[in-house]
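To start, the structure itself, in C-alpha cells.
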Amino acid sequence: MNTGLLKVVVLGAAGRMGASVRARLALSKDLAFFAGVDVKAGTDIKPPSQFPALIKTADLAVDFSVPAASLEFARACAQAHKPVVIGVTGFSAAQITALLAISKNTAVFLSPNMSPAVNLTIAAAALIAKKLPGFDRCIIETHHAAKKDAPSGTALKYAERIEKACGSKTPISSVRAGDIVGEHTVLYAGPYERVELTHRAHSRAVFAAGALRAALWLYAQKPGFYDYFDLLGLKELEQL
C-alpha cells in the first residue's frame, strides 16, 4: 500500500454502497482502502468490535452502515480523533443530537445524499420555493424496492431546506419499485404554469465518488459538524 495515501476504513463494507466505495477507492490517487467493517463476514471485512482498534491506525472512516451502528462508530472516531463521513439515512432526532455532540471532538460530515449535484438542486429547490410563494409544492421520491426508509433522507433534506426558506412544510410522496437507484422531483404548481426540478442517479458510483470527495475535504477540517452545503459553499444561497 502506498503510505502517501490516506487510509480509509469502510463501514457497512458488505452492503451495496460499501462495495461501491471500495470500487472507487481502488481508482483513487489520494485515498486507499485500509479495512472494511460489517456484521457480515467477507474478504477484508472485520466485525464491528474491531473498529476502535482499526481507526486508531487509519486516517478516517466512510460510513454506509445503519443508524445505531453508525452512532457507535462515530463515538469510536471521536475517541481516536479521526474524521468520519456518514452517508447513513434514517437517524432519529435524538441520534442527530448525539452526532452533534460527537462532532465537538472530531470532524463529522453527514449527508443523506453524497451527490454534489443533488445537493445543488436542494439549494436551488429552497431558493425557488422562496421566490414562488403562491405555488403549491410537493416532493416525489422513487427508489428501489429494497430501500427500507421512506421518505428518503434526501427527500427529507429537500423538505427541511424548503421549510427553512419559506416557513411552510412540503408534502412528500414515496415510491419503492424495481432497482431504481434514486430519483427526486420537486414540483411547483401555479395557476398557469408549473416548474419541475428533478435529479436522477444512474449509478451508486455517484454517491461513492461524492463520499470520497467529502472525505478528502473533511480530512483538512477542524472538529465540527459538516455537510455538502459547507463543502460547496451553498449556505450563501439561503441569504438570497
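Observations on the structure shown:
- Test: residue in the range 175-182 that is out of contact with any strand residue (DSSP E or B) (no Cβ under 6 Å at 6 or more places or on another chain) and among the hydrophobic types (A, V, I, L, M, F, W, C): yes
- Test: residue in the range 160-170 that is of a type in the set (Ser, Thr, Tyr), surrounded by fewer than 23 Cβ atoms within 10 Å (Cβ to Cβ) and touching a helix residue (DSSP H, G or I) at 6+ places or on another chain (Cβ under 9 Å): yes
- Flag for Ala19 being within 25 Å of Thr106 (Cα to Cα), of a type in the set (A, V, I, L, M, F, W, C), assigned to a helix (DSSP H, G or I) and free of Cβ contacts under 8 Å to residues at least 12 places away in the same chain: no
- Here Gln79 clears all of (1) at pLDDT 95 or above; (2) buried (at least 16 other Cβ atoms within 10 Å of the Cβ) except the condition numbered (2).
- Residue check, Ala13 modelled with pLDDT of 95 or more, surrounded by 23 or more Cβ atoms within 10 Å (Cβ to Cβ) and assigned to a loop (DSSP other than H, G, I, E, B): yes
- Against the criterion of being assigned to a loop (DSSP other than H, G, I, E, B) and surrounded by fewer than 16 Cβ atoms within 10 Å (Cβ to Cβ), Val39 qualifies.
- First in the range 56-69 and closer than 11 Å to Val10 by Cα and without any contact (Cβ under 8 Å) to a residue 60 or more places away in the chain, second anywhere and assigned to a helix (DSSP H, G or I) and of a type in the set (S, T, N, Q), Cβ under 6 Å, 6 or more apart: Asp63/Ser70
- The one condition from (1) at pLDDT below 95; (2) among the hydroxyl-bearing types (Ser, Thr, Tyr); (3) touching a strand residue (DSSP E or B) at 6+ places or on another chain (Cβ under 8 Å) that Ser70 does not meet is (1).
- Where Leu100 falls short, out of the listed (1) over 17 Å from Val8 (Cβ atoms); (2) out of contact with any strand residue (DSSP E or B) (no Cβ under 6 Å at 6 or more places or on another chain); (3) not small (Gly, Ala, Ser): (2)
- Unmet requirement for Ser28, which otherwise passes all of (1) surrounded by fewer than 23 Cβ atoms within 10 Å (Cβ to Cβ); (2) under 18 Å from the mean Cα position of the chain (by Cα); (3) closer than 22 Å to Ala201 by Cα; (4) not basic (Lys, Arg): (2)
- Here Ala220, Ala150 are screened, and the one residue that is closer than 30 Å to Leu5 by Cβ, aliphatic (A, V, I, L, M) and outside any strand (DSSP E or B) is Ala220.
- Considering Ala124, Ala145, Ala150, the condition of being in contact with a strand residue (DSSP E or B) (Cβ under 8 Å, 6 or more places away or on another chain), among the aliphatic types (A, V, I, L, M) and in contact (Cβ under 8 Å) with a residue 40 or more places away in the chain is satisfied by Ala124 alone.
- Some residue of the range 211-221 being under 30 Å from Asp136 (Cβ atoms) and either among the polar types (S, T, N, Q) or touching a residue at least 40 places away in the same chain (Cβ under 8 Å) (or both): no
The values are calculated or read from the model by the stated rules, or taken from the named source; none is laboratory data. Nothing here was measured: the structure is a model prediction, and the numbers come from that model. Counting neighbours? That spans all protein chains shown, and the Cβs are built from the backbone with ideal geometry, glycine included.
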